[in-house]
Structure formats: C-alpha cells, structure tokens
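Chemist: Let me begin by handing over the structure; questions about it come next.
The numbers here are math on the coordinates, done by the rules we state, and not lab data. Fair warning: this is a prediction, and the values are worked out from it, not measured in the lab. Glycine also receives a Cβ, built like all others from the backbone with ideal geometry; neighbour counts cover every protein chain displayed.
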C-alpha cells in the first residue's frame, strides 16, 4: 500500500508553493470581500506608460487590473509554476489584455536586468518563495530609482509574514518604507527604491 495523498485542504492550507491544481480557489469571487484587484492596483498610482512586474501571479487574480493600469506600458507576470502562468495568460486573454509578457521563474533570482520596472508587487507571495530575503533583494534590484514595491500579506495565509519581518527585509534590501494600508485581514506595505542620482 502506498502513502495516501493529502486531502485538498491540507495541500492548500500547507506552507510553501500553492498547488496549481487548486488554483480556481484563488480566483473565487469571495476573495473580493477581503481585497479586490482594483482596490490594490489603484494604490499603485501607476503611470499610463509604466512597466509593472507581478511576482507570483498565480492564476492571474490581480493581473487584468494591473494590465489595465498601464494601457500605454506593460505588465510582466512571473510565477514559479508554468501551469499558473498558463492560467493567468488565459484569464488575461479573456479580459482582453494584450500589453503583457510572461516568464516562468524564481522570485529569488529574477531573470531581468537591473532597474527596468516602475512598479513590482507581491500579493501573499513573499513567504511562499522559500527565500524571502533573496526575493526582497531581487525585487529592489529590478526597480528603477524611485520605483515602488508593494507587498500584500493576509492573515490566515499559511505563509503569512508579519509586518515587522517584511519591513526588516525591505530595509535590508535598501528600500524605504513609504506607506501602508491595512484592514482586519489584509495589509499592504509600499516601499521605494532610493533615487541616488539626486
């Protein structure tokens, strides 16, 4: 007899990379009760021609709203799982979004040059990366001077990171804390890469 497969709940509620086979739970309309994509992306105040990197896009819950925020720019989605990228691309296609590129990759070793994005964001992803310090350093690296990183964490997420730990990692990566928004369950922190040219 083999080892029984864990229940779906144990797979989803466990720590680490969220299994792509249960990705439909991540785009449930019920999720909007806690944080709608539009309410998060609106905080970015992104320039119309901006370049946004979504680190850990999953099945694309936030992706269409992020794409629409930069109609004259572009959104790059990145996830460690090819299956998640495929789901996100399909969601973006159905939403009529065309200003997108997709990459399978590791948040701790982003496959992009230094300083190429105006905005990067991670929504309930940092603790899943396995190497949060590396992921934070990489997010800082790919931002242009003055670029901003948004990190959203949710209570109840098995990989939830405490605000003080997020702030500490960001400071170690050379980012400046520039604001935060919080509700009962959700907290988003904004960080800015210093502009050393000034």
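Chemist: For the pair residue 90 and residue 131, how long in nm is the line joining their label points, each one 7 Å along Cα→Cβ?
Modeler: Each label point lies 7 Å from its Cα, and together they span 3.1 nm.
Chemist: For 116, 151, 76, what's the fewest-to-most ordering of other Cβ within 10 Å of each Cβ?
Modeler: On the way: 116 15, 151 29, 76 22.
Ranking 116, 151, 76 by Cβ neighbours within 10 Å, fewest first, gives 116, 76, 151.
Chemist: Can I ask one more? With the chain treated as a Gaussian network of Cα nodes joined by springs under 10 Å, which of 168, 134, 86 yields the largest mean-square fluctuation?
Modeler: 168
Chemist: Helix 163-172 sits at what angle to the longest principal axis of the chain, using alpha carbons and giving 0 to 90 degrees rounded to 10?
Modeler: 50
Chemist: Out of every Cα pair in the chain, what percent are spaced more than 26 Å from each other? Don't skip to the end; give the middle numbers.
Modeler: Working: 5356 of 19503 pairs.
The proportion of pairs with Cα distances above 26 Å equals 27 percent.
Chemist: Sticking with the crude label model, points 7 Å out along Cα→Cβ, report the distance from residue 163 to residue 180 in nm, one decimal please.
Modeler: Placing both labels 7 Å along Cα→Cβ, they lie 0.3 nm apart.
Chemist: Tell me what the chain gives for mean residue ellipticity at 222 nm when only DSSP H runs of n ≥ 4 count, each as -39,500 (n - 2.57), the sum divided by the residue total, rounded to 500 deg cm²/dmol. Can you show the working numbers first?
Modeler: Numbers: 6 runs with 53 residues, N = 198.
After summing the helix terms and dividing by residue count, I get -7500 deg cm²/dmol.
Chemist: How far, in nm, would the chain grow between residue 39 and residue 155 when pulled straight, counting 0.36 nm per residue and subtracting the alpha carbon separation?
Modeler: Values: separation 116, 0.36 × 116 = 41.76 nm, distance 1.78 nm.
The residue 39-residue 155 span can extend by a further 40.0 nm.
Chemist: Here is a further query. Using alpha carbons only, how many degrees (0 to 90, rounded to 10) separate the axis of helix 82-94 from the longest principal axis of the chain?
Modeler: Approximately 70 degrees, to the nearest 10.
Chemist: Quick check: residue separation of residue 31 and residue 195 times 0.36 nm, minus the Cα distance between them. What number comes out in nm?
Modeler: On the way: separation 164, 0.36 × 164 = 59.04 nm, distance 3.58 nm.
That works out to 55.5 nm of additional length.
Chemist: Please report the antiparallel percentage of DSSP beta bridges with both residues in segment 30-192, rounded to the nearest 5.
Modeler: Numbers: 14 of 33 bridges.
Roughly 40 percent of the beta bridges in segment 30-192 run antiparallel, per DSSP.
Chemist: How far, in degrees from 0 to 90, does helix 132-142 lean away from the longest principal axis of the Cα atoms of the chain, to the nearest 10?
Modeler: 40
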